[in-house]
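Student: Take a look at the following structure, please.
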Amino acid sequence: MGVSDIDGVIERNGHFLFMETKREGEPLSKGQEIMLTQLAKLNPSRVRVVIVYGDRTTGEVAGYQRITEKGIQPRASAKAFEVAFKKWFKYANSSRRY
């Protein structure tokens, strides 16, 4: 059994965006992959899970991957992350709580 954590979470009106951060080239451990995929399965309409790649010191994002109930999706650009984050926030912000 291993121990894992989540680097960041944002909640908005009962919607959750969970973020795991990695430096360029830093892989997920198998335990992290299992945990994050299981987390994504909880309630796909209210839970979003992403891996954000970049520089933790400067906060610069180099790209991201979404994790869904089907597993890790292909990597996308930093710009795509910005668009996806804004879309998630707009959706969550306009939703009613449970």
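Student: Among the residues of region 27-45, write down those that are in contact (Cβ under 8 Å) with a residue 24 or more places away in the chain and surrounded by fewer than 16 Cβ atoms within 10 Å (Cβ to Cβ).
Tutor: SER29, GLY31, LYS41, PRO44
Student: Any residue that is part of a helix (DSSP H, G or I), modelled with pLDDT under 95 and at negative phi - is there at least one of those in region 21-31? Steps first, answer last, please.
Tutor: Quick first cut of region 21-31, residues part of a helix (DSSP H, G or I) only: 30-31.
Retained after the next criterion (residues that are modelled with pLDDT under 95): 30-31.
From the residues that got through so far, the ones that are at negative phi too are 30-31.
Looking for residues that are part of a helix (DSSP H, G or I), modelled with pLDDT under 95 and at negative phi, one finds at least one in region 21-31, hence yes.
Student: Counting only residues that are of a type in the set (S, T, N, Q) and not in a loop (DSSP other than H, G, I, E, B), which one in region 68-87 is farthest from the chain's Cα centre (by Cα)? Write out each step before concluding.
Tutor: Taking region 68-87 as the starting set, the residues that turn out to be of a type in the set (S, T, N, Q) are 68, 73, 77.
If we keep only those that are not in a loop (DSSP other than H, G, I, E, B) too, we end up with 68, 77.
Working: THR68: 9, SER77: 14 Å.
Only one residue fits best here, namely SER77.
Student: Tell me which of these LYS22 doesn't satisfy, since it passes every other one: (1) charged (D, E, K, R); (2) under 14 Å from the mean Cα position of the chain (by Cα); (3) surrounded by fewer than 13 Cβ atoms within 10 Å (Cβ to Cβ).
Tutor: Only one criterion in (1) charged (D, E, K, R); (2) under 14 Å from the mean Cα position of the chain (by Cα); (3) surrounded by fewer than 13 Cβ atoms within 10 Å (Cβ to Cβ) is unmet by LYS22, namely (3).
Each row is one residue, and each column tells you yes or no for (1) of a type in the set (A, V, I, L, M); (2) within 28 Å of VAL3 (Cβ to Cβ); (3) assigned to a strand (DSSP E or B); (4) within 14 Å of the chain's Cα centre (by Cα).
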{"site": "MET35", "(1), (2), (3), (4)": "yes, yes, no, yes"}
{"site": "PRO44", "(1), (2), (3), (4)": "no, yes, no, yes"}
{"site": "ARG66", "(1), (2), (3), (4)": "no, yes, yes, yes"}
{"site": "PHE89", "(1), (2), (3), (4)": "no, no, no, yes"}
{"site": "ALA92", "(1), (2), (3), (4)": "yes, no, no, no"}
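Student: May I ask you to verify whether GLU11 is surrounded by fewer than 16 Cβ atoms within 10 Å (Cβ to Cβ), acidic (Asp, Glu) and free of Cβ contacts under 8 Å to residues at least 24 places away in the same chain? Before you say what the answer is, go through the steps one by one.
Tutor: On the way: surrounded by fewer than 16 Cβ atoms within 10 Å (Cβ to Cβ): yes; acidic (Asp, Glu): yes; free of Cβ contacts under 8 Å to residues at least 24 places away in the same chain: yes.
Here the answer is yes, as GLU11 does meet what is asked.
Student: Residue by residue through region 49-64, note down the ones that are closer than 13 Å to MET19 by Cα and part of a strand (DSSP E or B).
Tutor: Selection gives VAL49, VAL50, ILE51, VAL52, TYR53, GLY54, VAL61, GLY63, TYR64.
The values are calculated or read from the model by the stated rules, or taken from the named source; none is laboratory data. Source: prediction; values computed, not measured. Reconstructed Cβ throughout: ideal geometry from the backbone, glycine too, with neighbour counts over all protein chains shown.
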